[in-house]
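The values are calculated or read from the model by the stated rules, or taken from the named source; none is laboratory data. Because the structure is predicted, anything quoted here is derived from the model rather than measured. Methodologically, a virtual Cβ is constructed for each residue, glycine included, from the backbone with ideal geometry; neighbour enumeration extends over all protein chains shown.
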Amino acid sequence: MAVICDNCSGKLFFNPATQKLECVSCGSSFRPEDVCDKDAELHSRYYSTRVYSCRHCGAEVITSDTEASTFCVYCGNPAIVFNRISREYKPDGILPFKITKEEAVKKICENFLNNPFVPSEVKKKAVPANLRGIYIPYWIVNADYTEADIISGEIRRNKRTYTELYSRAGKVRFKNIPVDGSKILTDDLSCKLEPYFLEDCKVFDEDYLNGFYSNTSDLSLEELKSSSIHRCHKLFGDEVMKTVKAANLKFLESRSWIDIHDDPLYMMLPAWFFTFIHKGKPYTVLVNGQTGKVVGTMPWDNRRVVLLSLCILTLVLGLTGVLFWCVGKTMSVNRDSFSPFLIAVPLLLGSACFAKGRGGLSRIMRNLKLTQSRDIFRFVKKRQE
């Protein structure tokens, strides 16, 4: 499906910065809607494309023949080979890339690579050549959703903790809910990439795919319905929890019904993939191709983390000791009476820092689990049922 330049017959690539197809040979540019692919079938619900497979992880990706990849977009291995020509179902619409490859690298650097704990060998890999753009399949769903919940929560009364039960029920009409159309790309990951602003979507044109990877949805109708329920429950549940004034809230029971309106729209939404291997472990950081939102995290140098922690602990203990010594001297009080405080205060400060750090570390580890997920590398892999 390669589209060639009318002026010099060179291959055209879609440039997110200009929103135009540009020729790498003569520099000419064209609007996608003004370019006609002579091999395309008019009014067809299908289009032809090339499928490449990875010998290492088995992933298959769809790309135009303007994209000459030297490594797998999912696992980073240089084992990409041409597999076959495939006829794929044509989406209803596409959200073109707005963030360029260079801008995506800058976003990654701003979020992670200025951190002194990130190993230098990882920083060297964050270059435009190691990023790949891919259009992720989504279904845009409109639905009436009904849910009834029983929630448990803890409240404090007279210095005692009691568990209370709360019931909530309601009906919501959801419009333009994006549902990830891949079985392998996790819902947690796709949700973190959002939001996408669908008002910028275009009628699907193959020319937007030039220079990018893509894939088609592999969900059945029942699987799409199940994914829609899961997504609506998450949105509904987040709002329900705000209405309950208690701690440690949990769903004890939840019943839901969904009525999907009409036919969901099949869309392609953009993301940049930065894939690399560090100490034998795979990592993938994603960047929303429209907004620049970054999802994932980076490996860190454990020795630097331990060294900084020891330095901070030593500094806190030293400053606390000096402070109380000065207070005791100023107030002409026997400093021995401050000994319990010299011990207690650092312990309290350390406990508070530990609690806060533990919460932050938990969030980092959840992101790291997504970043290291091998399922992401197998995203868009064709599976025989």
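Counting only residues that are at negative phi, surrounded by fewer than 11 Cβ atoms within 10 Å (Cβ to Cβ) and assigned to a loop (DSSP other than H, G, I, E, B), how many does the stretch 216-262 have?
Number of matching residues: 3.
State which residue pairs qualify: first residue within 17 Å of GLN19 (Cα to Cα) and inside the stretch 205-223, second residue in a helix (DSSP H, G or I) in any location, beta carbons under 6 Å apart, and separation of 6 or more residues or different chains.
That search, which allows pairs on different chains as well, returns ASP205/PRO32; ASP207/PRO32; TYR208/PRO32.
So, in the stretch 263-297, of the ones that are part of a loop (DSSP other than H, G, I, E, B) and closer than 18 Å to ILE99 by Cα, which residue ends up modelled with the lowest pLDDT?
Filtering the stretch 263-297 down to residues part of a loop (DSSP other than H, G, I, E, B) leaves 263-264, 279-280, 289-293, 296-297.
With closer than 18 Å to ILE99 by Cα added as a condition, the list becomes 289-293, 296.
Values: GLY289: 94, GLN290: 95, THR291: 94, GLY292: 93, LYS293: 93, GLY296: 81.
The qualifying residue modelled with the lowest pLDDT is GLY296.
Taking into account only those residues within the stretch 171-194 that are out of contact with any Ser or Thr (no Cβ under 8 Å at 6 or more places or on another chain) and of a type in the set (D, E, K, R), which is surrounded by the most Cβ atoms within 10 Å (Cβ to Cβ)?
Going through the qualifying residues, I end up with LYS183.
One line per residue, one yes/no per condition, for (1) hydrophobic (A, V, I, L, M, F, W, C); (2) under 26 Å from LEU219 (Cα atoms); (3) in contact with a Lys or Arg (Cβ under 7 Å, 6 or more places away or on another chain); (4) modelled with pLDDT under 80:
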site	(1), (2), (3), (4)
GLU41	no, yes, no, yes
VAL51	yes, yes, yes, yes
ALA79	yes, no, yes, yes
GLU103	no, no, no, no
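Within the stretch 142-198, restricting attention to residues that are closer than 22 Å to VAL285 by Cβ and assigned to a strand (DSSP E or B), which residue is nearest to the chain's Cα centre (by Cα)?
This residue is ASP180.
Quick check on the stretch 120-132. Is at least one of its residues within 23 Å of SER226 (Cα to Cα) and assigned to a strand (DSSP E or B)? Break it down into steps so the answer makes sense when it comes.
Our first condition is that a residue be within 23 Å of SER226 (Cα to Cα); within the stretch 120-132, this holds for none.
Looking for residues that are within 23 Å of SER226 (Cα to Cα) and assigned to a strand (DSSP E or B), one finds none in the stretch 120-132, hence no.
Of everything in the stretch 174-188, what is farther than 19 Å from GLU199 by Cα and either at pLDDT 80 or above or touching a Cys at 6+ places or on another chain (Cβ under 8 Å) (or both)? Give them in sequence order. Quick ask: steps written out before the conclusion?
First pass over the stretch 174-188, keeping only residues farther than 19 Å from GLU199 by Cα: 181-188.
Of everything in the stretch 174-188, just one residue is farther than 19 Å from GLU199 by Cα and either at pLDDT 80 or above or touching a Cys at 6+ places or on another chain (Cβ under 8 Å) (or both), namely GLY181.
Restricting the stretch 3-26 to residues that are part of a strand (DSSP E or B) and in contact (Cβ under 8 Å) with a residue 24 or more places away in the chain, which is surrounded by the fewest Cβ atoms within 10 Å (Cβ to Cβ)? I'd like the intermediate steps shown before the answer.
Here is the first cut: in the stretch 3-26, the residues part of a strand (DSSP E or B) are 4, 11-15, 20-23.
Add one more test, that the residue is in contact (Cβ under 8 Å) with a residue 24 or more places away in the chain, and what stays is 11-15, 21.
Numbers: LYS11: 19, LEU12: 27, PHE13: 18, PHE14: 23, ASN15: 15, LEU21: 25.
Step by step, filter the stretch 3-26, then rank; the result is ASN15.
Quick one: what pairs do we get from the stretch 111-128, first residue farther than 11 Å from PHE276 by Cα, second loosely packed, with under 14 Cβ neighbours inside 10 Å, C-beta under 6 Å, 6+ apart or different chains?
So the pair list comes out as PHE117/VAL305; PRO128/GLU102.
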